[in-house]
Each structure stands twice: as C-alpha cells, then as structure tokens.
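Values quoted throughout were computed directly from the atomic coordinates according to the rules given, and no laboratory measurement underlies them. Worth saying up front: this structure is predicted, and the values here are computed from it rather than measured. Positions of Cβ are backbone-derived with ideal geometry, glycine not excepted, and every protein chain shown enters the neighbour counts.
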Number of protein chains: 2
Amino acid sequence: MGVPPLLPRRAVIVAVGSELLTPFRTDTNSLFITSKLNDLGIEVVAKVIVGDRRDELAAVIGESLRRSDLLVLTGGLGPTDDDVTRLAVSDALGLPLDEDPEIVERIRRRFARRGMEMPAVNRVQAQVLRGAAVLPNANGTAPGQWLERGARSVVLLPGPPREMRPMFEAVLAEWLQPLARGARLHRRVIKIAGRTESDVEQVTQPVYSRFATWQPPVATSILAVPGQIELHFSVRAESGEDARSILARATSEILAVAGDDVFSTDGRSLEQVVGDLLRRRGWRIATAESCTGGLVASRLTDVPGSSDYVERGVVAYSNRAKTDLLGVPEALMLEHGAVSEPVGEAMAAGMRERAGVDVAVGVTGIAGPGGGSESKPVGTVAVAVAWASGSVVRRYLFPGGREQVKWFASQTALNMVRQVLQER
Amino acid sequence: MGVPPLLPRRAVIVAVGSELLTPFRTDTNSLFITSKLNDLGIEVVAKVIVGDRRDELAAVIGESLRRSDLLVLTGGLGPTDDDVTRLAVSDALGLPLDEDPEIVERIRRRFARRGMEMPAVNRVQAQVLRGAAVLPNANGTAPGQWLERGARSVVLLPGPPREMRPMFEAVLAEWLQPLARGARLHRRVIKIAGRTESDVEQVTQPVYSRFATWQPPVATSILAVPGQIELHFSVRAESGEDARSILARATSEILAVAGDDVFSTDGRSLEQVVGDLLRRRGWRIATAESCTGGLVASRLTDVPGSSDYVERGVVAYSNRAKTDLLGVPEALMLEHGAVSEPVGEAMAAGMRERAGVDVAVGVTGIAGPGGGSESKPVGTVAVAVAWASGSVVRRYLFPGGREQVKWFASQTALNMVRQVLQER
C-alpha cells in the first residue's frame with residue numbers, strides 16, 4: 001500500500017455520472033471535498049463532471065493527472081454497467097483489476113444481515129486496482145480505493161454523500177492530515193437573517209474590506225441563500241490559536257455593525273440556535289402552521305434531541321382545523337380572512353394555551369400559485385409568536401414560488417422565535 | 001462571420017472563475033445551457049470548472065475541443081487581470097486578438113449614460129478573436145463571442161446569469177435552432193419506491209439492456225436518491241410521435257417487471273402522485289406524525305392546490321400530545337411503547353376519526369441519534385394508514401442519520417398512502 005511522502009498541492013475533483021450532466025442535477029460532493037482539502041492548504045485547480053462513458057472518463061483522468069498531484073473521483077463505483085470508474089482508471093493508468101475475495105465476503109455479509117442474498121452484479125464492486133489500498137464503506141456496498149503513482153495520488157470514492165463523506169474523512173485522518181504540517185486554512189461563518197444581500201453588503205463591506213490588509217490577511221466572501229446571508233472568513237495560519245483570535249476579532253467587528261440580525265457565528269443553523277435557546281431557558285415550544293404545512297415543525301425536529309423541547313405541532317390547513325385544533329373563532333376568520341395578523345396571533349395563542357407550553361408560533365399565509373388577491377397577493381404571510389406574558393405578530397410579503405414562500409416563512413418564524421427568546 | 005453548416009452533436013461546458021472552486025459556490029449556468037442544448041438534441045458530454053489561470057484554461061480548452069464539436073465557455077470576460085478567457089482561447093487556438101473600435105465605443109457610451117467615464121481597464125473587453133462574431137450584451141459591458149474553427153464552434157459568454165442567459169438565447173435563436181432540423185433528444189423518467197438500487201437493477205437490467213439495440217436506441221441510466229430509484233430513458237428521434245411511442249414501449253416493458261413499485265412514469269413526484277390520487281377520488285387526508293416531525297405534511301403541502309385535499313396534520317412529539325390530539329390510550333403506549341405498530345395504528349385511526357377525513361397516515365419512530373434500544377434500534381419506524389373500511393401498519397428499520405431516517409419514513413408513509421389509494 002503506497003502512501004505519498006509529501007502533501008499534494010494541487011487537486012482535481014472529477015464527478016462521474018450521466019445524471020450530473022442533465023439540467024436537473026448538480027454535483028455537490030465537490031463542495032465538501034474542496035472544503036476539506038482547502039483546510040489542509042491543498043488547492044482545487046479544476047472540477048470536472050463526466051458521464052458514465054469509460055473512454056471519456058479515461059481521457060479525463062489522464063488529462064487531470066497532468067495538471068494535479070491529487071485526483072479525487074466520486075461516483076461510478078456501483079454494481080451496474082453504468083459504473084465505469086474502476087475500469088476507466090484501470091485504462092488510464094494501465095493497471096489491471098483484481099478481485100478481492102475479502103470484499104466479496106464483506107458485501108455478501110452486508111446483504112445477509114438484511115436477510116438477502118448478494119446479487120451477482122455486486123461482485124464487480126470487489127475489483128481492486130493493482131497496488132491500491134481499499135477504503136471500507138460503512139454505509140454501502142461500494143468500497144473506495146486509494147492509489148499512489150509516483151508523486152501522484154488517485155482516490156476513488158462512491159457518489160452517495162453519506163457513503164462518500166465518512167470515507168473521505170478517513171482518507172484525511174489517516175493519510176493527508178499527518179502530512180499537512182505547517183499553515184492550514186481556518187474558517188468562520190457568520191449567518192444573518194432578515195436582511196437582503198445588498199443591505200448586508202452595504203453595511204459590512206467597509207468593515208470586512210479592511211480585514212484583507214491584516215497580518216495574516218482574512219479573506220471574506222459573502223454568500224446568499226434564501227432567507228439567509230452568510231459571511232465566510234478564512235485565514236491561513238500555522239497556529240490554531242492565532243487563527244481563532246484573528247477570526248474572533250473579525251467576527252466582533254461585523255457584530256458591531258450587523259447586530260441582532262446575526263444569529264450564528266459558530267456554524268449552527270437557525271433551528272439549532274432556537275433549540276439551544278429553548279433548552280437553556282427550559283422552555284417548551286409548539287407550532288401552529290397553515291401555509292408552511294409542517295415545515296417549521298420539521299425543521300425544529302431536524303435537530304438531534306429536539307424531543308426535549310418540541311411538545312407538538314399542528315398543521316391547520318382548513319378553517320375547520322384552525323377552529324377545532326387551535327380554537328380560532330370562526331368570526332375572526334370571517335372578519336379578517338384566514339390569512340391575517342389577528343388569525344396568526346389567535347393560532348399562536350390558542351396553540352400555547354392548549355399545549356400548555358411556554359412559547360408557540362403561528363404561521364398563516366398564501367404560498368401560491370393560487371389563492372392570491374389584490375389586497376393579499378401570493379406571498380402574503382402573517383407570523384406570530386406568543387409566550388406567557390406577551391405576543392408579537394408581523395405581516396410579510398415574500399417573493400418566489402410556492403416552495404420558496406414556504407421556506408422564507410419558516411425562516412422568518414424561526415427567526416422571530418429566536419428574537420423573542422433572546423430579548424426576554 | 002462563420003457559422004457551422006451542421007448542428008453540433010457533443011458539447012462541453014466550461015465555467016471559468018476561481019470563486020467556483022471554493023466550497024461555497026457552485027456553477028448553475030451550466031444547468032440552463034444544458035437544458036437548452038438538450039432540447040435541440042445536443043448532448044453535453046462534460047462540464048469543467050477552472051480558475052482564473054490562463055495556462056490551465058488554455059489546456060482545458062484544447063482538451064475539451066478534442067472531445068466535442070461545441071465548446072461553451074462562461075465567465076472570465078470582465079475587465080480585470082482575473083479575466084483570462086479571451087487570452088486563453090487565443091492561446092489554445094493560436095488566434096490573435098484585435099481591438100474592435102465599435103465595442104470600445106459601445107462600452108464608452110454605456111458608462112456615459114450613467115454619467116461616468118469608461119475606466120481604462122474596460123478597453124480589454126473590446127478584444128475580439130480574429131474571425132469571431134461579436135454577441136452584444138444588453139445587460140453588461142462584456143460582449144460575447146462566437147467562433148467557428150472547421151467543424152467545431154466555440155462560444156464565449158459572460159458569467160453573470162442575467163447577462164449570459166439572453167445572450168445564449170440569441171445564439172440559440174440565430175444559429176443553433178435553424179440548424180436543428182431533425183433529431184432531438186426526448187426523455188422519460190420512471191420512479192420506483194420501496195426497493196434497493198441493486199434490486200431494481202437486477203430486475204430491470206435484463207430488460208433495459210435490450211433497449212440499446214432498438215432502432216432508434218433508447219439509452220437508460222439508473223439513479224438512486226434516498227428512498228427512490230429512477231430509470232432515465234432518452235432517445236434521439238426526428239418525430240416527437242416516434243419518440244413518445246418508443247418511450248411508451250420501454251416504459252411498459254419496465255412496468256411489466258417492476259410492477260406496483262413504480263409510482264411515476266411522467267416525472268411527477270411521489271407527493272404529486274398521492275395528491276392526484278386523492279383528488280381523483282375526492283378524498284381528504286390528515287397526517288399524524290411523531291418522528292417525521294411534520295415532514296410528511298410539509299411534503300404533501302409542497303404541491304400547488306394541496307389545500308383541496310390536505311385537511312390537517314398533527315405533530316405529536318410528546319406522549320401527552322399523542323393522547324390529547326389523537327386519542328392514543330396511555331395504556332397502549334405503556335404496553336407496547338410509543339414506537340410500536342399498535343401506537344402507529346392508533347395514531348392513524350384517531351386522526352382519521354377526529355379530523356373526519358377519508359384517510360389518515362400515522363408515523364412513529366426513533367430518528368436518533370439518541371433513543372434507540374436493542375429491541376428498537378435507531379431507525380425503527382412504524383407507519384400506518386387508516387381509511388373508512390380498514391387499516392394497514394408496517395414496521396421498518398431505516399439506515400442512516402436523523403435526517404435520512406426522517407426522509408425514508410416520510411417516503412414510506414407517502415408510498416403506503418399511494419398503495420392504499422391505488423388498490424382500493
């Protein structure tokens with residue numbers, strides 16, 4: 001088993017799969033791999049996406065190795081005819097493939113544990129490039145492979161992220177990290193809700209543009225995802241302590257101008273931040289949703305351990321459900337409409353009372369594409385939070401299609417709960 | 001101005017920009033370009049992402065032209081030192097760049113309209129590859145270029161989507177569409193739930209492997225996403241009718257072997273299929289969720305118009321909520337545990353009765369990472385469906401982390417509802 005004695009400097013990532021060349025899919029594995037390689041100071045110089053064609057892939061492998069000293073391939077390790085990565089690497093490097101009986105046995109046992117016999121097709125997954133180290137797959141049948149060719153390394157990883165990630169983490173821990181003496185890239189992400197990208201840019205750019213002149217310089221990039229703006233800082237430093245202190249200084253300068261809209265400076269998601277605040281206060285929460293259809297509850301319960309503070313939720317899609325489950329008076333809906341601030345408030349208050357919880361959130365709106373009117377166009381959403389001694393309600397108009405309106409509304413609901421928890 | 005007399009067959013898309021090689025950004029321009037090219041029957045055989053390095057990019061251009069007859073480049077046409085696309089194409093093809101005084105004038109006027117003088121750096125944007133046609137940019141300063149070299153074409157487009165898209169639409173309308181007499185690519189997707197990829201492969205491969213020998217041949221690729229296996233067919237045909245009939249034949253041959261596990265043959269998602277079945281019967285549905293935390297309701301309500309058939313949903317996370325909201329007897333939970341088939345069944349039945357709907361689904365399980373035991377490990381989930389004249393309940397053990405267990409459970413719940421609706 002060969003391990004390169006020097007840390008690679010320049011990597012190319014190749015994602016294999018014809019489905020990644022359709023208009024419907026995009027390669028996201030490379031983002032994870034890039035992040036991990038950058039941490040070690042390894043630059044990604046190119047990313048390539050190719051289909052399930054052995055000749056094309058073999059050509060790409062040859063070319064990529066001419067411009068890099070680390071080639072990371074993802075995908076194409078499955079058991080089917082479409083899975084050509086093993087064969088293409090074999091072609092490109094002129095290396096034979098040998099069947100590894102231990103892998104055959106491992107795959108056989110994996111199927112046996114589920115009471116199944118190994119399908120004959122899976123046998124090709126045991127083909128190993130001569131001289132390669134086998135990378136066990138804890139979450140699937142396809143093992144990975146790691147191969148050294150002179151000063152160059154080739155890593156074959158499976159395509160499904162839950163199989164690829166732990167396998168690549170193992171490659172990092174066992175081979176790459178020990179070689180990465182010296183400067184590493186350190187990162188910090190600041191997350192902001194409730195503002196537009198140009199607004200955040202205008203407020204923070206005069207501040208973060210100065211970070212680039214610090215010693216060592218802090219690089220900043222700004223990234224907008226729906227309902228959330230992120231500032232990504234990175235700094236290259238030998239000592240973790242130096243890096244942490246300079247990143248802390250950058251963070252506090254941004255906090256000074258962006259203030260309360262910053263909800264996270266340590267990578268936590270909005271639902272994690274809300275969960276941690278609930279846990280710290282010992283509060284329990286319940287949700288009363290109409291247009292978000294359960295998305296707020298689902299996001300809250302994505303967090304491990306959330307059963308400690310999520311008591312219940314209700315999706316009151318029909319008016320009758322709003323009355324039955326939340327005690328919203330029919331007269332209120334007739335007077336103001338089901339999408340209105342009073343009804344949002346009544347949903348939150350009714351939920352809080354019936355569930356006997358400390359805080360409840362209510363969301364009612366028009367996600368579209370139908371149901372809009374001149375006075376309440378698609379995207380109109382009322383969000384309310386009720387707690388023992390008070391309540392708050394706000395009306396919004398969110399842009400975009402149905403799923404985007406649902407997402408914005410859930411983001412806003414969680415952010416309002418956060419603000420209530422932080423202020424009180 | 002050279003225009004290739006024949007429609008290109010095989011395209012490579014190259015996205016230029018070092019920011020696309022960070023962990024935070026992904027190239028999305030290529031999805032738009034792929035979709036437009038596919039419509040004309042032009043296959044995308046590779047996508048490449050490279051940084052702002054002239055020598056790297058020139059090498060990639062040379063290699064890409066060896067495997068395609070159409071090369072589409074996006075990005076790197078700005079005025080700064082980082083914008084190397086023009087220079088790299090010039091290097092790769094051995095073509096000089098000439099300044100086009102008309103473009104200089106156009107850029108100058110663009111700045112003048114905003115009361116500004118043209119910065120000196122912008123002058124490089126008027127450099128045109130000898131023999132190329134200039135593509136005007138309605139939304140920015142960087143013009144595009146279109147170049148014919150023998151049987152091969154190279155298109156240079158700007159990176160910002162709002163500049164790239166209209167420019168590429170013009171290329172399509174003026175050059176490619178008129179050439180696209182004849183064959184186009186036609187697609188069909190078959191979606192299957194409740195089976196593993198290798199299981200589907202074993203059953204369908206002997207069937208679809210024959211499709212490749214048909215006239216015209218149907219290409220098949222198999223794609224696994226969590227809880228769902230997809231077969232993607234594509235066929236190149238001149239007549240839409242021929243394509244439809246051959247794809248229908250392929251579909252029915254797969255249906256004959258995969259049967260009831262196929263839930264969609266027309267691109268619809270599982271939640272859309274369930275919604276359409278509910279609407280056709282005039283049934284209303286309610287959801288009673290524990291471990292999925294609202295995900296089933298949220299997916300059902302992702303479908304436009306779902307308020308017609310989604311009555312309500314309940315997220316009964318605590319035992320008290322299961323009793324309060326669904327009437328699950330405490331004794332039942334004590335006897336069997338909250339995660340058990342009897343409790344799942346009681347949740348579905350209680351929901352159906354209380355909401356007065358035609359069908360209800362109940363989900364209770366252990367999403368993890370905590371809460372598992374030897375007899376009920378993390379991933380144990382009971383799913384039940386209740387309707388007026390019967391009910392069904394099944395217990396599953398799903399693999400993976402919390403979010404994956406939630407996803408598998410929601411997929412299984414929707415699929416069980418589909419089966420109930422289709423069978424009765």
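Things worth noting here:
- Taking other C-beta atoms within 10 Å as the exposure proxy, A:Glu423, A:Glu19, B:Glu63 rank A:Glu423, A:Glu19, B:Glu63 from fewest upward.
- When only Cα pairs below 8 angstrom with a gap of at least 6 residues are kept, the range B:270-423 shows a relative contact order of 25 percent.
- Selected from B:Arg281, B:Arg165, B:Arg67 as most flexible by GNM, with chain B as the system and alpha-carbon contacts under 10 Å: B:Arg281
- Mean separation of Cα contacts under 8 Å, 6 or more apart, over the residue count of the range A:196-290: relative contact order %: 20
- Residues of the range A:200-224 with amide N under 11 Å of the 7 Å Cα→Cβ point at A:Asp242: A:215-217
- Using the alpha-carbon positions of the range A:184-264, Rg (one decimal) and Dmax (whole number) come out as 12.2, 36 Å.
- Efficiency of FRET between A:Ala219 and A:Ala388 - r from beta-carbon atoms, R0 41 angstrom, step 0.05: 0.35
- Computed on the range A:63-190, the Cα convex hull volume stands at 148 Å³ per residue.
- Per-pair calculated FRET efficiency, R0 = 41 Å: A:His336 and B:Arg281 via Cβ, rounded to 0.05: 0.75
- Remark: B:Leu179, B:Leu231 ranked as B:Leu179, B:Leu231, counting other beta-carbon atoms within 10 Å and listing the fewest first.
- DSSP beta bridges in chain B [antiparallel fraction, %, rounded to 5]: 60
- Order of B:Asp260, B:Asp100 under a 10 Å beta carbon neighbour criterion, fewest first: B:Asp260, B:Asp100
- In this simple spin-label approximation, B:Glu253 and A:Glu99 carry label points 7 Å from Cα along the Cα→Cβ vector, and these lie 2.9 nm apart.
- Calculated FRET value between B:Arg10 and A:Glu169, using beta carbons and R₀ = 35 Å, to 0.05: 0.45
- Residue-wise HN-Hα coupling along the range A:242-251, computed from phi with Karplus coefficients 6.51, -1.76, 1.60 (Hz; x: Gly, Pro): 4, 4, 4, 6, 6, 5, 5, 5, 4, 4
- Under 5 Å from the amide H of B:Val128 lie the amide H atoms of B:Asp98, B:Glu99, B:Asp100, each residue being 5 or more positions distant or on a separate chain, with H modelled from the backbone and absent for Pro and chain starts.
- Chain B: relative contact order as a whole-number percent, Cα under 8 Å and 6+ apart: 11
- Hull volume in cubic angstrom per residue (convex hull over the Cα atoms of the range B:270-423): 94
- Candidate lysines - alpha carbon under 25 Å from A:Lys406, same-chain residues fewer than 8 apart omitted: A:Lys191, A:Lys322, A:Lys376, B:Lys406
- With only Cα atoms counted, the protein assembly as shown has Rg and Dmax values of 28.5, 86 Å.
- P(r) tail, the range A:311-384: Cα-Cα pairs separated by more than 19 Å, 30% of all pairs.
- Long-range amide H partners of B:Thr74 with built H, under 5 Å: B:Val14, B:Ala15, B:Val16, B:Leu157
- Centre-to-centre, using Cα atoms only, the range B:233-284 and the range A:250-320 are separated by 39 Å.
- In nanometres and ascending order, the distances from the A:Arg149 label point to those of the other copies are 2.6 (point 7 Å from Cα along Cα→Cβ).
- Whole-Hz ³J(HN,Hα) from phi, Karplus 6.51 cos²θ - 1.76 cosθ + 1.60, for the range B:283-297, glycine and proline x: 8, 10, 10, 9, 10, 10, 10, 10, 5, 6, x, x, 5, 5, 5
- Model label points for B:Ala151 and B:Ala138, set 7 angstrom from Cα along the Cα-to-Cβ axis, are 3.5 nm apart.
- With only Cα atoms counted, the range B:133-234 has Rg and Dmax values of 20.4, 55 Å.
- Full-stretch length increase - A:Phe111, A:Thr28 - with 0.36 nm per residue and alpha-carbon distance subtracted: 27.0 nm
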